[in-house]
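Some notes on the structure that comes next.
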Amino acid sequence: MSSISKIEYQKKELPSRLQSIGLLLTVLGLVIVLAGYLINPDRMAFNNIIGLTFIISIAVGALFFVAIEYLSGAVWSTPFRRIIEIVSSFVIIVPLFVIPLLLNVHSVFHWTHPEAVNADKILSAKAPYLNVNFFIIRVIAFIAIWMLFQYLITKNSKIQDSSKDQTLTSRNIKLSAIFVPFFALTISFTGIDWLMSLEPHWFSTIFGIYYFSGTVLAALATVTFIAVKLNENGFLVKGLIADHYYSLGALLFAFINFWAYIAFSQFLLIWYANLPEETFWFLQRWEGSWVLWTIGLMIVHFIVPYFGLLSQPSKMDPKKLKFFSLWILAAHYYDLYFLVMPNYSKSGVALSWYEIGFPVLTVGLMIILFINKSKKENLVPIGDPKLKRGIDFRL
Amino acid sequence: MMKEKILYGYSGIFNSPDEISHAAEKATEIGFTKFDVHTPYPLHGMNKAMNLAPSKLGYVALILGLSALMGAIFSLWWVSSIEYPIIVGGKPFFSFPAFVPVMFEVTVLTASVGTVLAMLFFFFKLPNNSHPLHGTEYMQKVSSDKFGLFIQAEDAKFEENAIKSFFESVHASDVNAVYWDDEEINYKHRIFEPKFLVFLFVAALITSGATYFTLNKLMNMVPFNWMMEQQKQNPQQKSLIFSDGYGMRKPVEGTIARGFLPYQFKGLPDLAAEKLINPIPITKEVLALGQKKYDTFCSPCHDYQGTGISRLRGQFPNPPSLHSDKVRNWKDGRIYAVIMDGQNVMPSYTTQLDENERWAVIHYVRALQRSQNAKESDIK
């Protein structure tokens, strides 16, 4: 095999233009969010939930990816792992997005009103789980767990850059093994707490994994876009080729299918059983202009990226990969909007300047954080013992 | 003999995956096109080193998958909404969500099995089980622990000395010439080779025959009896359990069939009048039912109004009017006894009217009586 004799990595500064774009987006997003909260706090709070679950998807999903790479012993993704780690560090945005929601918890969650709970048999039966105190405890505990593991795993990886200590890898494997079950539970309950409890009378036993499928997809799309973009411009290690791109694309493609599989399973079971306490959730999304949004979800989230990434060459084409990773990221936001907003506007799709605030703010913050991190760290885990095999990876 | 042999190509042996990759890259560089690499396990990056075009197998899978998808949609639509429509769970005959799992399964099954078969028959030329490299020492080595490169004599750049020096330059060991076997030279690839078809047929025959013999004769198991045979006694079947040999048994004495409470007042109309009360309420529906049954079964003799002036025009003696004081003062149970037992010329109506209908008719008769003898209070 044509192996590369040594690892060629030159640390470079990202262009300063990016910093100003990030700053501009952040300020713009912040202004819209603040204005929204002043004018229509209810609507902004619902948007806040979308923004929150979106950034949780990206950050925590990325941490899951780091853990999976350690656990499976994958080598192809090692050259990209520092990027995934930096993306997972976006988890510090999560508390920022949680705070305004905790202040407005009564305007989004029906079950936080004691008089409504007392008048309602179902809600009072669910009250031991769905009450404000326990909810806040869960939210804080989950964020603490994510931040703890994020800190521990990435710290070891960073130290390895200079020390080249192989025991750090095995320590991270152990940490990952502990993290993965925590991830499964926290991400399921995050989906239940923030998204499913918006409609506390509804329940779907598959909802946790539905949110998980979108989570992994969003994280992977973010990583793919950044990795391809940086590699094209020579910010990463030399020797990353179509084979590496193909692996990213194949994983994206797999999770597009996984999402569709889970989403359809959820629908099929509810459709077949035809129980009124379950079907109303879908019927709500089939009313007024929501029907277009629901049909759009199938097209945007499955059909277009499915056919876009179906063939082998398209998974290797950096242009297509960049396009579809951005597309999938937008599709995940679209999906979250589909889950959240029908609870705010029952009659039809509500789109206005309110809805722009959180995506713009999120993207702005992500850019700033990424640049900030990239100044302090290498963009490639140069001390990782798997790196050379990772660069030599061929299909 | 030796002179008749025709050269197939040259083979060389390598010891490590790195060496064989390097050799393949070199061979590509020189411009050989008709060469092949044999390794004990798949080597990553080899298709690039050999400069192979992407496999066409993907298109086979795509076409098979798409056509299976279409076929599945069509057959599901045809079966469940045209040919044999059955209501399942109150869903429409053509209910797309229910079809999706089947469509998915059919697509995946057809595409995967079809792709494997296409690979075997079109790419591996399956019925042909002979190749010049078979049985050579080269093949023995590359299928255990060595890596081999083989260059065909058909290659445009083939020239024996050049090949030998090429193998030398990439440090190959055991460079050998391989010759065609005589019968292989003029072989043409046919999928429907008679020999192969006969083989398939015989194999199918042996497999199914052996299965039938084992299950049916050896183990006495009927294959696929499904619901044909059940451990129960069918009507008119001889019983092996009961000594009289009757499969159909008489019910135990005193057995009462569900919903058929026997009539206890046969021939005792006065007792019936005393003990029986009308169990069903007077509602619009009950009166409508009573009217319908009365008009059908009673009115031919008793007349629509119950006057007894019947439509039978004297073929039978006319029954007395139902509006007489006697009948009006009868209890419901007494009328019930008449319906059950008959009276004078009137036969029993037990077979025509079931229990509910009898009581409904009695309600209706009461209504008729009241219509002819209304009280002052009824008018208000």
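The values are calculated or read from the model by the stated rules, or taken from the named source; none is laboratory data. Model, not experiment: these values are computed from the prediction. Note that each Cβ is placed from the backbone with ideal geometry, even for glycine, and that neighbours are counted across all protein chains shown.
If you go through the stretch B:255-278 one residue at a time, how many are out of contact with any His (no Cβ under 9 Å at 6 or more places or on another chain) and either surrounded by 10 or more Cβ atoms within 10 Å (Cβ to Cβ) or more than 30 Å from B:Ala360 (Cβ to Cβ) (or both)? First the steps, then the outcome.
Pass one, the stretch B:255-278, residues out of contact with any His (no Cβ under 9 Å at 6 or more places or on another chain): B:255-277.
Checking which are either surrounded by 10 or more Cβ atoms within 10 Å (Cβ to Cβ) or more than 30 Å from B:Ala360 (Cβ to Cβ) (or both) leaves us with B:263-266, B:268-277.
Residues flagged as out of contact with any His (no Cβ under 9 Å at 6 or more places or on another chain) and either surrounded by 10 or more Cβ atoms within 10 Å (Cβ to Cβ) or more than 30 Å from B:Ala360 (Cβ to Cβ) (or both) within the stretch B:255-278 amount to 14.
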### Task
Check B:Tyr59, B:Tyr84 and return the single one that is aromatic (Phe, Trp, Tyr), out of contact with any strand residue (DSSP E or B) (no Cβ under 6 Å at 6 or more places or on another chain) and under 28 Å from A:Tyr246 (Cβ atoms).
B:Tyr59
### Message
On the basis of being away from chain A (no Cβ under 14 Å), in a loop (DSSP other than H, G, I, E, B) and of a type in the set (Lys, Arg), does B:Lys91 make the cut?
### Response
no
### Query
Any idea which of (1) part of a loop (DSSP other than H, G, I, E, B); (2) at pLDDT 90 or above is the one B:His44 doesn't satisfy?
(2)
### Task
Being buried (at least 16 other Cβ atoms within 10 Å of the Cβ), part of a helix (DSSP H, G or I), among the hydrophobic types (A, V, I, L, M, F, W, C) and in contact (Cβ under 8 Å) with a residue 60 or more places away in the chain narrows it down to one of B:Ile163, B:Ile151, so name that one.
B:Ile163
### Task
Look through the stretch A:361-389, keep the residues that are outside any loop (DSSP other than H, G, I, E, B) and among the basic types (Lys, Arg), and return whichever of them is farthest from A:Leu24 (Cα to Cα).
A:Arg389
### Query
Out of A:Ile299, A:Ile303, A:Ile328, which single residue is of a type in the set (Val, Ile, Thr), in contact (Cβ under 8 Å) with a residue 24 or more places away in the chain and more than 20 Å from A:Ile270 (Cα to Cα)?
A:Ile328
### Query
Do you know which residues across the stretch A:245-281 are more than 12 Å from every other protein chain (Cβ to nearest Cβ), free of Cβ contacts under 8 Å to residues at least 12 places away in the same chain and closer than 30 Å to A:Met316 by Cα?
A:Ala254
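Residue under question is A:Lys320, and the condition is that it be in contact with a helix residue (DSSP H, G or I) (Cβ under 7 Å, 6 or more places away or on another chain) and either away from chain B (no Cβ under 14 Å) or not charged (D, E, K, R) (or both); does it hold?
Values: in contact with a helix residue (DSSP H, G or I) (Cβ under 7 Å, 6 or more places away or on another chain): yes; either away from chain B (no Cβ under 14 Å) or not charged (D, E, K, R) (or both): yes.
So A:Lys320 passes the test.
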### Message
Tally up the residues in the stretch B:281-305 that are crowded, with 19+ Cβ neighbours inside 10 Å and more than 13 Å from B:Ile362 (Cα to Cα), please.
### Response
2
### Query
Can we say B:Ile13 is away from chain A (no Cβ under 13 Å) and at pLDDT below 90?
no
### Query
Is at least one residue of the stretch A:330-338 surrounded by fewer than 20 Cβ atoms within 10 Å (Cβ to Cβ) and within 18 Å of A:Val60 (Cα to Cα)?
yes
### Query
at pLDDT 90 or above and away from chain A (no Cβ under 14 Å), is that true of B:Val100?
no
### Query
Taking the stretch B:18-73, which residues are surrounded by fewer than 14 Cβ atoms within 10 Å (Cβ to Cβ), under 23 Å from A:Leu310 (Cβ atoms) and either touching a His at 6+ places or on another chain (Cβ under 6 Å) or more than 14 Å from chain A (Cβ to nearest Cβ) (or both)?
B:Met70
### Task
Identify, by number, the condition in (1) surrounded by fewer than 16 Cβ atoms within 10 Å (Cβ to Cβ); (2) within 14 Å of chain B (Cβ to nearest Cβ); (3) more than 23 Å from A:Leu217 (Cα to Cα); (4) not acidic (Asp, Glu) that A:Met298 doesn't meet.
(3)
